[in-house]
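The values are calculated or read from the model by the stated rules, or taken from the named source; none is laboratory data. Fair warning: this is a prediction, and the values are worked out from it, not measured in the lab. As a convention, Cβ positions derive from the backbone with ideal geometry for all residues, glycine included, and neighbour counts pool all protein chains shown. Each accessible area value is taken on the protein alone, full model and side chains, heavy atoms only, with ligands, DNA and RNA left out. Shrake-Rupley method; radii C 1.70, N 1.55, O 1.52, S 1.80 Å.
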Amino acid sequence: LKVEIEATADSQWGTNSYLVEDTDTHDAVVIDANMEPEAVIEAAKRRGANVLAILLTHTDVDHIAGLQKLLEAFGQVPVAVHPAEREVIAEGKPLRRVFPFESPPVEAPELLEEGKAYRAGSLEFGVLHTPGHSPGGVTLKIGRTLFTGDALFAGSIGRSDFVNSDGAALLAGIRDKLLVEPDDSIVLAGHGPASTIGREKLYNPFL
């Protein structure tokens, strides 16, 4: 499987949206729907990628704001989310009271559950539940690449000061599920640059 990944970030929150493509079949997914979805839509068009699903690491407003535009661009492809945050997508309920955001409901979201691989065409993702920043935070794994959402960043970790956050769970998930991955595993986070598990073990001041 030859996978190519293209990252786009919005200017408002610096939230990353990733296009993950199998270059042999052109099957692709988009991970997270940032505030400026035009960039990832453009990347898919330029590459001739066939986007089969949108996978959400969690449902904070800056990770789902572009959802409607993505669905308009790619057709009503499945949107997948952890069961703990399903209603945010299914019912358009904001995850945080502090960031009220009305998003049109997505019918019948698919679920990202730990221990069950998520398949989209020729792509297959492992799902690790890494809550703490939010109840349904997940890390998506393909090959040696980890899409960590807002759990683990290059040199930092996710915020856990929201009402539905849990700092202890955040650290436990990072330690027990992410830092056990091989040191050369690539960390592609919800914000900021890429890193590796080895680098974060050595240099991340929060771990």
Inset, instruction - Output the qualifying pairs, or none if there are none: Cβ atoms under 9 angstrom, residues six or more apart or on different chains, first residue in region 132-149 and hydrophobic (A, V, I, L, M, F, W, C), second residue modelled with pLDDT under 95 and not in a strand (DSSP E or B). - result: Ile142/Leu1
Legend entry - region 114-139, residues that are surrounded by fewer than 15 Cβ atoms within 10 Å (Cβ to Cβ) and touching a His at 6+ places or on another chain (Cβ under 8 Å): Glu114
Legend entry - Residue among Pro83, Pro109, Pro100 that is over 21 Å from Thr8 (Cβ atoms) and touching a residue at least 40 places away in the same chain (Cβ under 8 Å): Pro83
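Can Val180 be described as open to solvent by 50 Å² or more (accessible area, probe 1.4 Å) and at pLDDT below 95?
The answer is no for Val180.
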Legend entry - Residues of region 183-207 satisfying the condition of being part of a loop (DSSP other than H, G, I, E, B) and either within 15 Å of His129 (Cβ to Cβ) or open to solvent by 50 Å² or more (accessible area, probe 1.4 Å) (or both): Asp183, Asp184, Pro193, Ala194, Pro205, Phe206, Leu207
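Is region 77-87 home to any residue that is of a type in the set (Lys, Arg), open to solvent by 10 Å² or more (accessible area, probe 1.4 Å), out of contact with any helix residue (DSSP H, G or I) (no Cβ under 7 Å at 6 or more places or on another chain) and under 19 Å from Val127 (Cβ atoms)?
Within region 77-87, one or more residues are of a type in the set (Lys, Arg), open to solvent by 10 Å² or more (accessible area, probe 1.4 Å), out of contact with any helix residue (DSSP H, G or I) (no Cβ under 7 Å at 6 or more places or on another chain) and under 19 Å from Val127 (Cβ atoms).
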Inset, instruction - Within region 11-52, track down each residue that is among the charged types (D, E, K, R), assigned to a loop (DSSP other than H, G, I, E, B) and open to solvent by less than 10 Å² (accessible area, probe 1.4 Å). - result: Asp32
Legend entry - Glu72 being under 22 Å from Asn16 (Cα atoms), open to solvent by less than 20 Å² (accessible area, probe 1.4 Å), in a helix (DSSP H, G or I) and not polar (S, T, N, Q): no
